[in-house]
Amino acid sequence: MKRTVSRAAIIRALLRKELVSYARDTVYLALTLAVLIAAPLLFRAMPDRVEEDLVLAVSPPVDRLLEGSAEALRALGASEADVARIREADLAKQEGLLLVEFDDEVKMRQAIDGTLQVWRTRDGKLAFVDTAAGEKRPKGTKRVDVQVGVAFPERFLADLALGKRGLAVTVYTHASAPPELRQAVTSFVREAAFEVAGEALPVQFPDEKDVVVGVDRLGDQVSLREKMRPMLLFVVLMMETFSMASLVSTEVLERTVTAVLVTPAKASDFIAAKTIFGTLVSFTQALIVLALIGGVTQENWSLMLAVLVMGAVMFTGIALLVGAAGKDFMGQLFYAMLFTVPMLIPAFAALFPGSVAPWVRILPTFPIIDVLVKATVYGGGWRESAGSLAYAAVWLAVLYGAGVVALKRKVASL
């Protein structure tokens, strides 16, 4: 009596074959191991702190401005109320501001162009190191990147209090500093001048809470290391596209699939085995990296598992499509790059957040990286990610369906 082989047994046998083929592919096996090792190392190498203070260099020092101006005001007949107002206007005590004071304008310019380095000790004191003279930085210090500085006249505060106009203030910026930084410092100097002169600003701004749109991250910014976590997970999921597409393409080109279909296995069993194997390999690698770089909490673990599975299935579908389309190794590699490079764009949008372009939001991988960012960086849960998950499910069905159809047609044509 002939025993009927179950579909589950056939798929298990095909999965064993997939594992053997994968283990024999030394190129992609080595690439997999390299990714698993490099991802945690790269994550640890990223900065884990965010410097939120604006580093501002000033010349001359604030104390000299205050003392000289006070004496000049008294000599000019200014009242003690004028002198008191100048002393109360301490420019160094501004929230979010790290003031670096220089005795003269030349040293300040050297610090901005990098010739004179500025280092800060653990107790907050500043040390200046002249690299041109061969000086070395003190131990236990941290580099202060000075990109902008303001050169005030010696009688700046006194002339302001007396109501003089047209005072010359020079703002220096490094060539690599963004234009927004110069504008911000210029606005700061202008506002401080109005305050010292005892005049109100010509315009009135509402409270900060009335103009901040979205979540205010002031004082709670995300470090580059935290931003890299979702991107690394996404890249690990995506990398499996190349190895899985190579396995599919090799079996199609070498007619291995024809030999498989001579057995009781059907085309649907072949595709099911490819899907299960590709999803498990991609998901397992992402899970290993996630365990090494952290990011799972008691609140988001179920969401993380769901989005990683969806991402693994999505890239497996792309691998089926690429493997069926490639006619040789170079063709398969070309199609893999053609599909994966655009898919990587949303990951960079997450790494450098801002206003994401509408065409980036349309890409299939945007909802995947969006959920990863919300879950691992900003502590989002199912409620915040529901819309992105639904959008990802639509794209998953489209891409996986396209991969299945393309592979079925390729197998039928052999």
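The values are calculated or read from the model by the stated rules, or taken from the named source; none is laboratory data. Every value quoted in this text rests on a predicted model; they were computed, and no experiment measured them. Backbone-built Cβ (ideal geometry, glycine too); neighbour counts: all protein chains shown. Surface accessibility is based on the protein's heavy atoms, side chains included, excluding ligands, DNA and RNA. Shrake-Rupley method; radii C 1.70, N 1.55, O 1.52, S 1.80 Å.
Below are the figures for this structure:
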read-out: Selection count where residues are of a type in the set (Gly, Ala, Ser) and either open to solvent by 60 Å² or more (accessible area, probe 1.4 Å) or in contact (Cβ under 8 Å) with a residue 40 or more places away in the chain (or both), scope the range 355-389; value: 6
read-out: Elements of type helices (runs of 4 or more DSSP H) contained in the range 210-309, each with 1 or more residues being open to solvent by 40 Å² or more (accessible area, probe 1.4 Å) and at pLDDT below 80; value: 224-253, 256-262
read-out: Val341 surrounded by fewer than 23 Cβ atoms within 10 Å (Cβ to Cβ) and either within 24 Å of Ala397 (Cβ to Cβ) or out of contact with any helix residue (DSSP H, G or I) (no Cβ under 8 Å at 6 or more places or on another chain) (or both); value: yes
read-out: Ala386 of a type in the set (A, V, I, L, M, F, W, C) and closer than 26 Å to Glu251 by Cβ; value: no
read-out: Index of the failed condition, Lys164 passing every other in (1) part of a loop (DSSP other than H, G, I, E, B); (2) at pLDDT 75 or above; (3) open to solvent by 50 Å² or more (accessible area, probe 1.4 Å); value: (2)
read-out: When residues of the range 390-401 are limited to those that are open to solvent by less than 40 Å² (accessible area, probe 1.4 Å) and among the small types (Gly, Ala, Ser), the one farthest from Ala349 (Cα to Cα); value: Gly401
read-out: Per-region count, the range 18-41, residues part of a helix (DSSP H, G or I), charged (D, E, K, R) and in contact (Cβ under 8 Å) with a residue 12 or more places away in the chain; value: 1
read-out: Filtered residues of the range 371-384 (kept if part of a helix (DSSP H, G or I) and either modelled with pLDDT under 90 or over 15 Å from Leu308 (Cβ atoms) (or both)); value: Val373, Lys374, Ala375, Thr376, Arg383, Glu384
read-out: Condition broken by Ile318, with the remaining ones in (1) in contact with an Asp or Glu (Cβ under 6 Å, 6 or more places away or on another chain); (2) closer than 30 Å to Lys266 by Cα; (3) of a type outside the set (D, E, K, R) satisfied; value: (1)
read-out: Candidate set from the range 42-68 (those that are at pLDDT 70 or above and in a loop (DSSP other than H, G, I, E, B)); member that is most open to solvent (accessible area, probe 1.4 Å); value: Asp48
read-out: Hits in the range 118-129 - residues which are open to solvent by 40 Å² or more (accessible area, probe 1.4 Å) and in contact with a helix residue (DSSP H, G or I) (Cβ under 8 Å, 6 or more places away or on another chain); value: Phe128
read-out: Failed item in (1) within 23 Å of Glu18 (Cα to Cα); (2) open to solvent by 20 Å² or more (accessible area, probe 1.4 Å), with Gly323 passing the rest; value: (2)
read-out: Residue among Ala92, Ala132, Ala158 that alone is of a type outside the set (Lys, Arg), touching a Gly at 6+ places or on another chain (Cβ under 8 Å) and at pLDDT below 80; value: Ala158
read-out: Val398 modelled with pLDDT under 90, under 28 Å from Ser246 (Cβ atoms) and in a helix (DSSP H, G or I); value: no
